[in-house]
Each structure stands twice: as C-alpha cells, then as structure tokens.
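Just so it is clear, none of the values below were taken in a lab; they were calculated from the coordinates. None of the values given here were measured: they were computed from a predicted structure. With ideal geometry, Cβ positions are generated from the backbone for all residues, glycine too; neighbour counts draw on all protein chains shown.
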Amino acid sequence: MRVLAVIPARLASTRLARKPLREIAGEPMLGHVYRAAQSGVLPPEDVLIATDSDEILALCRERGWNAELTSDRHRSGTERVHEIAQRHPADVYLNIQGDEPLTRAEHLRDLLALLERPEVAVGTLKTPMAAEDIENPNAVKVVTASDGRALYFSRAAIPHDRDRSGVRYFRHLGFYGYRRDALDRFCSLPESELERSERLEQLRFLENGIPIFVAETPFDTIGVDTAEVLPKVASLLQHRI
C-alpha cells in the first residue's frame with residue numbers, strides 16, 4: 001500500500017493570522033506537525049507539506065522539509081490534498097492538518113491500520129470527550145456503529161442522553177486517510193446540505209453514501225485556532241519532549 005502523507009498549510013487564517021508560522025516551544029507550528037509525521041511511521045520522502053504561500057515554501061526549503069506550492073483557490077485542506085494527488089500517485093493519502101502541533105506517530109499508525117481493511121475507503125479518528133466539551137459546538141462529536149462506521153458527526157451533543165444513563169461521548173479528531181477513488185469522488189461532489197448546515201465537510205461523504213470508518217485513540221489533540229491556546233500547547237509539547 002503506497003501511502004503519501006500531506007500536510008495542508010495555508011498562511012491566511014481568519015482567527016489567527018500566519019498560523020502555520022507561529023512559534024511554539026521554539027519551532028514553527030508547522031515544524032511540529034512535520035516532525036511528528038516523519039517519526040518513523042512513513043519514509044521521510046512520503047511526507048509532504050502543501051501550501052499556497054511562497055513564504056511557507058521558502059521556510060520549508062530553508063529547513064529541508066518536503067513541500068510544494070498549490071493553488072490559492074482551494075476552500076479546504078482536502079482540496080489541497082487532492083491537487084497533490086494529481087501529481088503524486090498513491091493508494092492512500094493521509095490528511096494531517098497543519099494546525100495540529102500535538103500530532104503523534106500513534107495517530108498515523110491508527111489511521112493506517114484502519115485503511116488496511118479492504119472495506120475502508122475513508123478513515124478518521126475519535127477520542128473520549130471531556131465532560132466540559134459535550135455542549136461546546138467547537139468540539140465535534142461523532143457516533144459510530146459497532147463495526148466502527150461513522151453514523152454522524154455533529155457540533156451538537158450526540159447522542160442525547162435522555163435518561164442520564166452515562167453515555168460515552170467521543171470527539172472527532174481531524175486526521176483523515178482516503179483511498180484515491182474516495183478522494184476523487186469527494187472533490188467532484190458539490191457541497192452537501194448537512195455539510196453546509198454544520199460546517200463539517202466530512203458530512204459530504206456520508207450524505208453521498210461514502211462510509212467513513214473511525215478508529216479510537218487515547219491521544220487527544222488541541223487544534224490551534226486562537227492565540228490563547230498557544231501557551232497551553234507549548235507547555236504540553238515541552239512536557240512531552
């Protein structure tokens with residue numbers, strides 16, 4: 001199974017300007033993600049940063065990181081991965097978000113193990129959700145069938161615990177693996193109604209009958225969307241090191 005891991009990195013961000021280049025624990029955020037993706041799971045040449053920024057591309061060349069320039073018209077990281085897929089044939093593409101500096105090798109191993117199952121065309125991850133995040137719409141929830149197939153993703157608290165029975169909640173982590181055919185089909189489809197409502201692009205797969213399978217990981221992450229979380233992420237990274 002030929003695998004290519006792609007790290008989409010867009011310089012513009014509405015909530016945190018120049019996000020991939022923000023320094024955390026002495027290194028640009030993008031560097032933490034790139035280093036994790038190369039931590040023995042894949043050969044170094046099979047990890048690639050995809051960016052729309054000449055500045056990010058210049059940094060990558062200076063640091064010796066594999067990187068390519070992509071269109072600035074993409075609406076999502078998935079579309080950026082798809083552009084790379086047109087130039088680099090592979091069986092499976094991993095989408096590792098450039099604003100996830102707490103990415104671990106275990107996340108990638110779990111994704112790849114999922115995609116070794118022949119029935120899995122799209123894979124992603126979930127982790128047990130902290131109680132304080134259950135009602136937080138920025139923490140995306142996922143519910144799955146007994147075989148790991150995703151039933152739904154939502155910003156709402158799902159499932160609803162009507163009888164206070166102590167149901168387990170899971171947070172969706174934005175790591176994806178796609179087989180080439182599934183990635184091609186996703187990018188050929190228009191934005192779906194549920195995707196538009198929840199602002200969750202993975203719902204486009206489900207609405208069009210493309211199953212997503214979900215593996216559980218104990219390793220949570222913190223996506224960096226605002227400057228306020230940077231000190232916490234830096235502390236976690238320094239403790240890990």
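Computed on the Cα atoms alone, the convex hull of the range 1-52 gives a volume of 87 cubic angstrom per residue. In terms of Cα atoms, the Rg and Dmax of the range 51-123 work out to 13.9, 41 Å.
Between N136, N95, N66, the Gaussian network model of the chain with springs among Cα atoms under 10 angstrom shows the greatest mean-square fluctuation at N136. At an R0 of 41 angstrom, the distance between the Cβ atoms of R240 and D163 translates into a FRET efficiency of 0.55.
The stretch between E27 and D147 holds 39.2 nm of extra length on full extension. This uses 0.36 nm per residue minus the Cα-Cα distance. Taking the range 96-121 and a reference point 7 angstrom along Cα→Cβ of E68, the backbone N atoms nearer than 18 Å belong to 96-98.
Relative contact order of the range 32-148: 24 percent, from C-alpha pairs under 8 Å at least 6 residues apart in sequence. Taking 7 Å steps out from each Cα toward its Cβ at R155 and S76 produces label points 1.5 nm apart.
Estimate the FRET efficiency between I134 and D91 by the formula 1/(1 + (r/R0)^6), using the beta-carbon distance for r and 35 Å for R0, to the nearest 0.05.
My answer for the efficiency is 0.40.
Take the Cβ atoms of E191 and E119, set R0 to 22 Å, and the FRET efficiency comes out at 0.25. Work out, in µm²/s and without decimals, the Stokes-Einstein translational diffusion coefficient of the range 47-174 at 4 °C, 1.567 mPa s, Rh from Kirkwood over C-alpha pairs. D = 76 µm²/s.
Dividing the summed -39500 (n - 2.57) terms of all DSSP H runs of n ≥ 4 by the residue count of the chain sets its mean residue ellipticity at 222 nm at -8500 deg cm²/dmol.
Provide the three semi-axes, in whole Å and in decreasing order, of the ellipsoid equivalent to the range 126-226 as defined by the square roots of 5 times the Cα gyration tensor eigenvalues. Please report the intermediate quantities before stating the final value.
Values: eigenvalues 111, 44, 42 Å².
So the equivalent ellipsoid measures 24, 15, 14 Å along its semi-axes.
Highest mobility in the GNM of the chain, judged by mean-square fluctuation with C-alpha springs under 10 Å and restricted to L206, L30, L112, is found for L206.
Take the Cα of A105, step 7 Å toward its Cβ, do the same at E207, and the gap between the two points is 4.0 nm.
Dipole magnitude for the range 1-99: computed about the Cα centre from +1 point charges on Lys and Arg Cβ and -1 point charges on Asp and Glu Cβ, it is near 240 debye.
I'm a student and want to see the number: the projected area of the Cα convex hull of the chain, averaged over all directions, in nm². It would help to have the intermediate numbers written out before the result.
Working: hull surface 52.2 nm².
One quarter of the hull surface, i.e. the mean projection, equals 13.1 nm².
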